[in-house]
1. For segment 104-123, which residues satisfy the criterion of being surrounded by 24 or more Cβ atoms within 10 Å (Cβ to Cβ) and either of a type in the set (A, V, I, L, M) or not assigned by TED's automatic domain parsing to the domain that holds residue 209 (or both)?
2. Got at least one residue in segment 507-514 being among the hydrophobic types (A, V, I, L, M, F, W, C), closer than 24 Å to residue 136 by Cα and crowded, with 24+ Cβ neighbours inside 10 Å?
3. Would you point out the residue of segment 406-461, among those that are assigned to a helix (DSSP H, G or I) and basic (Lys, Arg), that is farthest from residue 269 (Cα to Cα)?
4. Assess whether residue 296 counts as being at pLDDT below 90 and not in a loop (DSSP other than H, G, I, E, B).
5. Quick test of your reading of the structure: residue 325 fulfils all but one of (1) more than 27 Å from residue 473 (Cα to Cα); (2) touching a helix residue (DSSP H, G or I) at 6+ places or on another chain (Cβ under 8 Å); (3) of a type in the set (Val, Ile, Thr). Name the failing condition by number.
6. Does residue 454 meet the test of being under 16 Å from the mean Cα position of the chain (by Cα) and over 16 Å from residue 257 (Cα atoms)?
7. Tell me, which residue of segment 61-78 that is touching a Pro at 6+ places or on another chain (Cβ under 8 Å) and not small (Gly, Ala, Ser) is nearest to residue 97 (Cα to Cα)?
8. Looking at segment 267-281, which of its residues are modelled with pLDDT of 90 or more and either within 17 Å of the chain's Cα centre (by Cα) or assigned to a helix (DSSP H, G or I) (or both)?
Amino acid sequence: MSDTAVATEHTPTDREIRLVIAASSAGTIFEWYDFFIYGTLAGLIGAAFFPSDNETLQLLLVWAGFAVGFGFRPLGAVLFGYLGDKLGRKYTFLVTVTLMGVATAGVGLIPSAAAIGIAAPVIVILLRILQGLALGGEYGGAAIYVAEHAPAEKRGFYTSFIQASVVGGFVLSIIVVLACRFLIPAEDFAAWGWRVPFLLSIILLFISLWMRLKLSESPVFKAMKEAGEMAKNPFVESFTYPGNKKRIFVALFGITGILTTIWYTAFFSGLSFLRGPMRVDEELVEIILLIAGSISMGFYLIVGHWSDKIGRKTPIILGAGLSLVLLFPVFWGIGALANPGLNESARSMPVAVSGPGCTYDPFAEQQATNCGKLLQDLTSLGVAYDLAAPDAAEQSLSISIGDSNFALEGAGDIAWEDTASRRGTFQTMLETKGYDFARQSPPLSNIVGIIALLLVLGGLSALTYGSVAALLTEMFPPQIRYSSMSIPYHIGAGYLGGFLPLIAGYIVATSGNAYSGLWYTWVIVAFGLLVAWWGIPNGPPRDFDANG
């Protein structure tokens, strides 16, 4: 069944299509703002709700909460996909945006763990679950709604505004945080001001609802309903419709797996990398990401328009292939520009640790051995290290910095049980060998270079994401489209992408290498490239019935 065969009753006017794009894009921006504000303020959220002497554990717990929200996206996709295919596209994503706005504002109202103890992180996780459920229904609804209004020859361009709006949500979250930092003194912002961006979501919710209430139902859905061609059970039929299992597999690994890992690597890994191991000033990092994100939004529109002419497959294959080649060099370049002193110290004064019990568990509140405590501190300081096998005659704990070796067992000036004192001792030891742990403000030329490299990542993301809403709409039959595209999209985005900060952070923490987390992205993209090459339709864009 083709869209054109179904939607013969009414062809939307240019004015109606502009309203559809504007309202859907604005709602998507606001809803992703709600979701991303959590990641943008990860450090302060960790201090408020997941306090720990182990800074790495504190951050990992924040990313675990981030991942939990993503983990519930597939359930939201099933629930709201079913409602979208049965009750309509419009009213379903009115529900999702309301749920998201209320849950986000709730995070801003939760007392800290210092005030209510374990109840604080528990409530945060529950609200993240509600956010994940809402987001599971949002993307499919907005993407399908625009696609089913768009003329076939402009479907890629019109739906690319939805992809650009996802970046827009990230950009808006940074704008609001920067505005709050400017208006609220630093100490007050850390104490309570960080809650303001969450509470602002109520205002954004009312704006989004006002815009979306002005919309009419999708012409494709209305025509199906009038013709009595609705699915009886969209979820079940998504897996029983002829050929749909293959399409879902391709959508999961060959489309979503690629786009979501590249997207989160480009923006969230870039944010964490600059703030964390590279120790760049936090406000400067936000400004850099704001500029790079704002510019890269245009890339998605260019790719969407390009896909209308050459097909959806070519940009995705090109973006995935280039990502495999450029991912590590781009991050190496960002690191060299962001903190050249640290790079030089790591090169000229490499750190190696030797001794018994040299294992580090990032999820442990207290490490079991002194070596584990040392590795925890090096990780928190962002210092790369190698583990050296202890000499057969020397089994005591030691650290070498360049050509200097320091025996640590029995050292009277190390308070092993006092985290702050112990870390200060190691920091001083490293500083005497040339390491600089001050917050960095690179020169303007370096900042421009970092933005340029982040734009390379933004371009790779646009190539793999810009045409996706149109592609997924064209891959699935209209009567089960909301469910069929939402389920694989949100499984991929929820688990492969949503867990990326947590998994990559864990890999970095356990390896001592700030770049090692990129291997997670590389492997997912490499597998996805093979699936995309095999499964995405070749040739120019075609409606579903032409795809078979």
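The values are calculated or read from the model by the stated rules, or taken from the named source; none is laboratory data. All of these numbers come straight from a predicted model, not from anything done at the bench. Please note: Cβ atoms are built from the backbone with ideal geometry, for glycine as well, and neighbour counts cover all protein chains shown.
1. Within segment 104-123, 107 is the sole residue that qualifies.
2. Within segment 507-514, none of the residues are among the hydrophobic types (A, V, I, L, M, F, W, C), closer than 24 Å to residue 136 by Cα and crowded, with 24+ Cβ neighbours inside 10 Å.
3. The selected residue is 422.
4. When the stated conditions are applied, residue 296 does not pass them.
5. (2)
6. Working: under 16 Å from the mean Cα position of the chain (by Cα): yes; over 16 Å from residue 257 (Cα atoms): yes.
For residue 454, the condition - under 16 Å from the mean Cα position of the chain (by Cα) and over 16 Å from residue 257 (Cα atoms) - is met.
7. 66
8. Answer for segment 267-281, where residues must be modelled with pLDDT of 90 or more and either within 17 Å of the chain's Cα centre (by Cα) or assigned to a helix (DSSP H, G or I) (or both): just 274.
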